[in-house]
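Structure first, then comments.
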Amino acid sequence: MESSLKRNERILIIDEQSLSQSYLRFALDELGYQDVTIADRPQIALNLCRENHYSLIICSYNQGTGKDGYQLYEELKFSGLQKHTTGIIFISAETDPTLVHSVIELQPDEFMAKPFVIKDLQVRIERVLKRKEQLRPLYQLLDAHNYPAALLYIDQQLSDVAQRKWFPLLLKLKGDILLIEQQFADAELFFKAMLAIQPFSWAKMGLVRCYLQLDKEAQAFSELETMLVRSDSRLFALDLLAELEFKQQRYQEAQQHLINAAELAPRNLLRQQKLLQLSRLNHDYEVQYRAAKDMVKFARYSIFEQPDLYLNLARASIDFALSSEDEEQNSRLNRQATLSLQSLQKQFAKHDLSEQHQILQARLLYLQDHKDKAKALLRDLDINSPIHSLEDALDKAKALHEIGLTDASQQLFDQISQYCLQQNTDPMFSAYLQQEKVERKQMQQGPRELNNNAVQMYQRGHWEQAFNAFSLAHQVMPKNAGIALNLWQTIMTSPRALCSAKEQRRLQLECQQIIENSPLKPEQKRRYDQLKLKFQHPVSSS
């Protein structure tokens, strides 16, 4: 190794561990790199990147307390501090697959697992720096968002046989630019031409994106099914399949794809947000709660840590508790909602969140069966105040409905709908808003009162009214075993048919599946066993 070689590239090392710093500095010195700066804290690194341009950043995942290396790299990337002209090598002693997948989604130039030898570091550094230097004019055009000039530059390089070493990268960048410029018809032809030469994963991904934009959903599905089985494209395929299933209103299938994707790479907050939205559409309050909790967990100390994350975790905790009959679980969820509000007040003391806090306190009171106290908190709310946050407005509408102020709730739902029409609202939120608006109008009561009133109707022999109320309660709380049992019992004991034979059979099977896969209270189990004994005949063994 020739330590006498001098390199003029500026390199920034971001690592809080002194031993790791010393090793990296020694390695770079051995390789001849002299202009090396070390940042031992993320904030120092961010300030340095704002003030200087580096040829290469070596970022370690392990950064001590506070912001970790993933969050630091995420901020460098999303705040524009890591330019195309700057290479980045991410290093980590942690090799958990969920972290690796999450980091790779941010697309560092290289990912290295500790420990590593100097020779390996040399190969990675020189590969990155050579690429950045050779294609510097192109990267500068990309940093300036001058995409037409970048396409022209790429075509010029592709016509020069001396640059053939860089052809695969240039072709990939050309595909990326065509997608950015929304030239989907041209991009489709380009990606097909690439795939005729070689089955590049990036070309398959680009082609699927074109199919989605050009409404060629059958072709997109076909490609994505094959990409699911490949490790290098599985995450991409799951995300895009979820998008396709949502467009076709197959919300359960879309949610499952996102659950699978989130298990692979849980730190992608946009994916977690989509999962939260889909789980609400499916009335899957447990998944909604988990997604909200993961968002708070992974956003902590990051550029994306905002009050909304804590508010949404409190809301998800209340929604989940309202749908559950498990007293111990409800107690935990109650504590989680309270803890979220306390964390919110502590970390965002300068924000005016008094109304959001008041609404959530009222919902907690309703959860604790203090409906009159909840109503007293909300009675004087101004429902005509300007909408600044859709989630805040929606939570207010839900709270008003729960305490019985249904007219005010529907009026606010109408206002939110009008606001959404004027904004570029997320399609998943829009779908959830319309679903909530319709269901709350049908209920005319809070979710708990709905089931209780249905029980009274059943006891009085009002079969149709009881069936309709239990069906609606089951629709908005599909995993609640008590409601499923009430609906099943109504169907089984009614002296007359309450719906078509096909629908009755579907509901019976659906309810029984929920009941048998859920823990029942002693009274519920006794009632279910008695009803099964009375109405279900044993299956013949012949």
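The values are calculated or read from the model by the stated rules, or taken from the named source; none is laboratory data. Treat the numbers as computed from the prediction; the structure is a model and nothing was measured. Cβ atoms come from the backbone with ideal geometry, glycine included; neighbour counts cover every protein chain shown.
Residue by residue, here is whether (1) closer than 30 Å to ALA150 by Cα; (2) of a type in the set (Phe, Trp, Tyr); (3) part of a strand (DSSP E or B) holds:
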| position | (1), (2), (3) |
| --- | --- |
| THR37 | no, no, yes |
| GLN43 | no, no, no |
| TYR54 | yes, yes, no |
| LEU81 | yes, no, no |
| ILE91 | no, no, yes |
| LEU99 | no, no, no |
| ILE104 | yes, no, no |
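Please go through (1) within 29 Å of the chain's Cα centre (by Cα); (2) under 30 Å from ASP382 (Cβ atoms); (3) of a type outside the set (D, E, K, R) for ASN480 and return the number of the only condition it doesn't satisfy.
(2)
Quick one: how many residues across the range 222-255 are buried (at least 17 other Cβ atoms within 10 Å of the Cβ), within 16 Å of ALA291 (Cα to Cα) and among the polar types (S, T, N, Q)?
Adding up the residues that qualify gives 1.
Mind checking whether some residue in the range 469-476 is touching a residue at least 60 places away in the same chain (Cβ under 8 Å), under 23 Å from SER500 (Cα atoms) and out of contact with any Cys (no Cβ under 7 Å at 6 or more places or on another chain)? Even if it seems obvious, please write down each step before you answer.
Restricting attention to the range 469-476, the residues satisfying the condition of being touching a residue at least 60 places away in the same chain (Cβ under 8 Å) are 475-476.
After this cut, where a residue has to be under 23 Å from SER500 (Cα atoms) as well, the list is 475-476.
Among the residues that remain, those that are also out of contact with any Cys (no Cβ under 7 Å at 6 or more places or on another chain) are: 475-476.
Looking for residues that are touching a residue at least 60 places away in the same chain (Cβ under 8 Å), under 23 Å from SER500 (Cα atoms) and out of contact with any Cys (no Cβ under 7 Å at 6 or more places or on another chain), one finds at least one in the range 469-476, hence yes.
Determine whether the range 494-506 contains at least one residue that is under 33 Å from the mean Cα position of the chain (by Cα), in a helix (DSSP H, G or I) and not β-branched (Val, Ile, Thr). Spell out the reasoning first.
The initial filter retains those residues of the range 494-506 that are under 33 Å from the mean Cα position of the chain (by Cα), namely 506.
From the residues that got through so far, the ones that are in a helix (DSSP H, G or I) too are 506.
Imposing the further condition that a residue be not β-branched (Val, Ile, Thr) reduces the set to 506.
Taking every residue of the range 494-506 in turn, at least one turns out to be under 33 Å from the mean Cα position of the chain (by Cα), in a helix (DSSP H, G or I) and not β-branched (Val, Ile, Thr).
When the range 389-403 is examined, which residues are found to be outside any helix (DSSP H, G or I) and surrounded by 21 or more Cβ atoms within 10 Å (Cβ to Cβ)? Walk me through it before giving the result.
Within the range 389-403, the subset outside any helix (DSSP H, G or I) is 389, 403.
The one that is outside any helix (DSSP H, G or I) and surrounded by 21 or more Cβ atoms within 10 Å (Cβ to Cβ): ILE403.
Scan the range 463-497 for residues that are surrounded by fewer than 18 Cβ atoms within 10 Å (Cβ to Cβ) and within 17 Å of GLN442 (Cβ to Cβ) and report the count.
Here the count works out to 5.
Of all residues in the range 343-352, count the ones that are surrounded by 12 or more Cβ atoms within 10 Å (Cβ to Cβ) and over 24 Å from the mean Cα position of the chain (by Cα).
Residues flagged as surrounded by 12 or more Cβ atoms within 10 Å (Cβ to Cβ) and over 24 Å from the mean Cα position of the chain (by Cα) within the range 343-352 amount to 2.
Which count do you get for residues in the range 174-221 that are under 19 Å from TYR147 (Cα atoms), more than 27 Å from the chain's Cα centre (by Cα) and surrounded by 15 or more Cβ atoms within 10 Å (Cβ to Cβ)?
Total satisfying the criteria: 6.
Does the range 92-105 hold any residues that are surrounded by 15 or more Cβ atoms within 10 Å (Cβ to Cβ) and free of Cβ contacts under 8 Å to residues at least 60 places away in the same chain, and which are they?
SER92, GLU94, VAL100, VAL103
Among the residues of the range 353-399, how many are within 27 Å of the chain's Cα centre (by Cα) and closer than 26 Å to SER430 by Cβ?
Number of matching residues: 19.
Quick test for you: out of SER340, SER409, pick the one residue that is within 23 Å of the chain's Cα centre (by Cα), in a helix (DSSP H, G or I) and either closer than 22 Å to ALA321 by Cβ or aromatic (Phe, Trp, Tyr) (or both). Walk me through it before giving the result.
On the way: SER409 fails: within 23 Å of the chain's Cα centre (by Cα).
After applying the criteria, what remains is SER340.
Matching residues to (1) of a type outside the set (Lys, Arg); (2) buried (at least 19 other Cβ atoms within 10 Å of the Cβ):
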{"site": "LYS130", "(1), (2)": "no, no"}
{"site": "PRO137", "(1), (2)": "yes, no"}
{"site": "ASN146", "(1), (2)": "yes, no"}
{"site": "TYR153", "(1), (2)": "yes, yes"}
{"site": "VAL161", "(1), (2)": "yes, no"}
{"site": "LEU169", "(1), (2)": "yes, no"}
{"site": "LYS172", "(1), (2)": "no, no"}
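Return yes when MET227 is of a type in the set (A, V, I, L, M), over 26 Å from SER102 (Cα atoms) and free of Cβ contacts under 8 Å to residues at least 60 places away in the same chain and no when it is not. Quick ask: steps written out before the conclusion?
Numbers: of a type in the set (A, V, I, L, M): yes; over 26 Å from SER102 (Cα atoms): no; free of Cβ contacts under 8 Å to residues at least 60 places away in the same chain: yes.
No.
Taking the options LYS204, LYS172, name whichever one is basic (Lys, Arg), within 28 Å of TYR54 (Cα to Cα), assigned to a helix (DSSP H, G or I) and out of contact with any Ser or Thr (no Cβ under 6 Å at 6 or more places or on another chain). Before you say what the answer is, go through the steps one by one.
Working: LYS204 fails: within 28 Å of TYR54 (Cα to Cα).
Of LYS204, LYS172, the one residue that is basic (Lys, Arg), within 28 Å of TYR54 (Cα to Cα), assigned to a helix (DSSP H, G or I) and out of contact with any Ser or Thr (no Cβ under 6 Å at 6 or more places or on another chain) is LYS172.
Against the definition (surrounded by 23 or more Cβ atoms within 10 Å (Cβ to Cβ), aliphatic (A, V, I, L, M), over 25 Å from GLN347 (Cα atoms) and touching a Leu at 6+ places or on another chain (Cβ under 8 Å)), how does LEU278 come out, yes or no?
Values: surrounded by 23 or more Cβ atoms within 10 Å (Cβ to Cβ): yes; aliphatic (A, V, I, L, M): yes; over 25 Å from GLN347 (Cα atoms): yes; touching a Leu at 6+ places or on another chain (Cβ under 8 Å): yes.
Yes.
With the structure loaded, tell me whether GLN423 is closer than 30 Å to ILE387 by Cβ, modelled with pLDDT of 95 or more and out of contact with any helix residue (DSSP H, G or I) (no Cβ under 6 Å at 6 or more places or on another chain) or whether it fails that test. Can you show your working first?
On the way: closer than 30 Å to ILE387 by Cβ: yes; modelled with pLDDT of 95 or more: no; out of contact with any helix residue (DSSP H, G or I) (no Cβ under 6 Å at 6 or more places or on another chain): yes.
The answer is no for GLN423.
Anything in the range 507-537 that is part of a helix (DSSP H, G or I), surrounded by 14 or more Cβ atoms within 10 Å (Cβ to Cβ) and of a type in the set (A, V, I, L, M)? List them, or say none.
LEU507, ILE514, ILE515, LEU531
Only one residue in GLN163, GLN140 is assigned to a helix (DSSP H, G or I) and closer than 20 Å to LYS83 by Cβ. Which one?
Details: GLN163 fails: closer than 20 Å to LYS83 by Cβ.
From the options GLN163, GLN140, the qualifying one is GLN140.
Would you pick out the residues in the range 405-453 that are touching a residue at least 60 places away in the same chain (Cβ under 8 Å) and of a type in the set (Ser, Thr, Tyr)?
Within the range 405-453, TYR432 is the sole residue that qualifies.
Six or more apart or on different chains, Cβ under 7 Å: which pairs go from a residue in the range 491-508 that's assigned by TED's automatic domain parsing to the domain that holds GLN459 to one that's part of a loop (DSSP other than H, G, I, E, B) and buried (at least 16 other Cβ atoms within 10 Å of the Cβ)? Could you list them?
Close Cβ pairs satisfying both conditions: ILE491/LEU498.
Within the range 296-308, identify whether any single residue is surrounded by fewer than 24 Cβ atoms within 10 Å (Cβ to Cβ), closer than 18 Å to LYS398 by Cβ and touching a Pro at 6+ places or on another chain (Cβ under 7 Å), and answer yes or no. Even if it seems obvious, please write down each step before you answer.
Filtering the range 296-308 for residues surrounded by fewer than 24 Cβ atoms within 10 Å (Cβ to Cβ) gives 296-308.
The next check asks that each one be closer than 18 Å to LYS398 by Cβ; those that pass are 308.
Checking the rest, the ones that are also touching a Pro at 6+ places or on another chain (Cβ under 7 Å) come to none.
Checked against the condition, which is being surrounded by fewer than 24 Cβ atoms within 10 Å (Cβ to Cβ), closer than 18 Å to LYS398 by Cβ and touching a Pro at 6+ places or on another chain (Cβ under 7 Å), the range 296-308 yields no hits at all.
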